[in-house]
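Visitor: Below is the structure I would like to discuss, written out as structure tokens.
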Ligand code: FES
Ligand SMILES: [Fe+2]
């Protein structure tokens, strides 16, 4: 349970809020590279309205989506070689926000510069840094830089607060209920047979802090503590807003980007490594993951649709003054404590957890993840992923099933 004050402190991310100041110490994804051409695109990030564009020389810009002249959005703009020009009367702004031209004016009107943020591309994503300078390095997490894999990036827009999604990253027990018993109840309503592997009972769970967040470990019934990867290696919550999952040739970082207090841009950044020769990928495709059907009904027959439904129905911003935490919620308590401590670090002007400034440590940052999966065999696991996880909607799904040699069914 949290006080109302603490619930506010942990959920609100706008400029000047304690959590907003913490989030601003990290690079955040703002767009999928392959979606950004010279056509400027509006984005909301940490409560700020921004425009993302690509100059005619291929550089990516992120600036406030508001022209300083008469304040139309720069989304109505023209990307040029060295910046963006407002479409309304032609004022032009450099990538660093300086106003370069005001065509109709005989002399430059002062104080016309706009806010601009550093932007970098990595692994098919565009990241922006909205915090104080000097900006830290953009962390080169393993999946973003790995060779010899196939990638895709799913996204969805969730209309609730980011913390509900992140608390789920340290909530192992929901797996057996939401993705096990609840999924099977949905399948039964559709006349389908139950899926057995997700409903296995958790024998115990463990959480350990590490330099990039929290390692989550779990042991299911029938597994051995000595040899089970899900226990000996586990998988990480990457502070503050990511979780890495997977195993067996499939690995995924889910990124919960707070657009503002009530909206999340949810990303599934996935790499696949089937055996054999892989086709070359020139760009990383993006795709939308639907969580509602054409009638506005939640789609509940896949894992991420179940997650979105459970998190969204906690409320737009969950009322944590009225919750009852128990034994199963020990990871959530640990994560909240970590958020509080890192807010304090920022308030004391120290770098919070996981911020990278040493280039030598940033060649590749390996994030531990279980190598195998507790299913009867790897193909059963991969078939379950490709048929009942967000990647179900990837444009590469059919090709991936062929490469992994798995069928169109979940068992
Ligand atoms: S509103 Fe942008 S140039 Fe006039
Ligand atoms: Fe889940």
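Visitor: Sort through 312, 286 and tell me the only one that's more than 16 Å from ligand 1 (Cβ to nearest atom), under 18 Å from the mean Cα position of the chain (by Cα) and under 18 Å from residue 167 (Cβ atoms).
Guide: Criteria check complete, one pass: 312.
Visitor: Just one of the numbered conditions (1) surrounded by fewer than 23 Cβ atoms within 10 Å (Cβ to Cβ); (2) under 25 Å from residue 131 (Cα atoms) is not true of residue 78; which one?
Guide: Among (1) surrounded by fewer than 23 Cβ atoms within 10 Å (Cβ to Cβ); (2) under 25 Å from residue 131 (Cα atoms), the lone unmet condition for residue 78 is (2).
Visitor: Okay, moving on. Looking only at residues in the stretch 262-285 that are touching a helix residue (DSSP H, G or I) at 6+ places or on another chain (Cβ under 9 Å) and outside any loop (DSSP other than H, G, I, E, B), which one is farthest from residue 252 (Cα to Cα)?
Guide: 263
Visitor: Then there's this: Please work out which residue is surrounded by the most Cβ atoms within 10 Å (Cβ to Cβ), limiting yourself to the stretch 291-311 and to residues that are farther than 19 Å from residue 385 by Cα and within 13 Å of ligand 2 (Cβ to nearest atom).
Guide: 311
Visitor: Those residues that are surrounded by fewer than 19 Cβ atoms within 10 Å (Cβ to Cβ), in contact with a strand residue (DSSP E or B) (Cβ under 9 Å, 6 or more places away or on another chain) and assigned to a loop (DSSP other than H, G, I, E, B), I need them from the stretch 141-170; list them, please.
Guide: Those that are surrounded by fewer than 19 Cβ atoms within 10 Å (Cβ to Cβ), in contact with a strand residue (DSSP E or B) (Cβ under 9 Å, 6 or more places away or on another chain) and assigned to a loop (DSSP other than H, G, I, E, B): 146, 149, 159.
Visitor: Could you run through the stretch 61-80 and say how many residues are near ligand 1 (Cβ under 9 Å from one of its atoms) and either at positive phi or touching a strand residue (DSSP E or B) at 6+ places or on another chain (Cβ under 6 Å) (or both)?
Guide: Counting residues in the stretch 61-80 that are near ligand 1 (Cβ under 9 Å from one of its atoms) and either at positive phi or touching a strand residue (DSSP E or B) at 6+ places or on another chain (Cβ under 6 Å) (or both) gives 4.
Visitor: Within the stretch 201-218, does at least one residue satisfy the condition of being at pLDDT 95 or above, assigned to a loop (DSSP other than H, G, I, E, B) and within 23 Å of the chain's Cα centre (by Cα)?
Guide: Yes, the stretch 201-218 has at least one match.
Visitor: I need a count of the residues in the stretch 81-96 that are part of a loop (DSSP other than H, G, I, E, B) and surrounded by 18 or more Cβ atoms within 10 Å (Cβ to Cβ).
Guide: Taking the stretch 81-96 first, the residues part of a loop (DSSP other than H, G, I, E, B) are 81-82, 87-91, 95-96.
After this cut, where a residue has to be surrounded by 18 or more Cβ atoms within 10 Å (Cβ to Cβ) as well, the list is 91, 95.
The qualifying residues number 2.
Visitor: Answer yes or no as to whether residue 277 is in contact (Cβ under 8 Å) with a residue 40 or more places away in the chain and either away from ligand 2 (no atom under 16 Å from the Cβ) or surrounded by 12 or more Cβ atoms within 10 Å (Cβ to Cβ) (or both).
Guide: Taking the combined requirement at face value, the residue does not satisfy it.
Visitor: Taking the criterion of being surrounded by fewer than 20 Cβ atoms within 10 Å (Cβ to Cβ) and under 21 Å from the mean Cα position of the chain (by Cα), would at least one residue in the stretch 368-384 satisfy it?
Guide: Scanning the stretch 368-384, I find at least one residue that is surrounded by fewer than 20 Cβ atoms within 10 Å (Cβ to Cβ) and under 21 Å from the mean Cα position of the chain (by Cα), so the answer is yes.
Visitor: Scan the stretch 38-60 for residues that are away from ligand 1 (no atom under 16 Å from the Cβ), outside any strand (DSSP E or B) and farther than 22 Å from residue 256 by Cα and jot them down.
Guide: 38, 39, 55, 56, 57, 58, 59
The values are calculated or read from the model by the stated rules, or taken from the named source; none is laboratory data. Here the structure is a predicted model, which means the values were calculated and not measured. Here the Cβ is made from the backbone with ideal geometry for all residues, glycine too, and neighbour counts use every protein chain on show.
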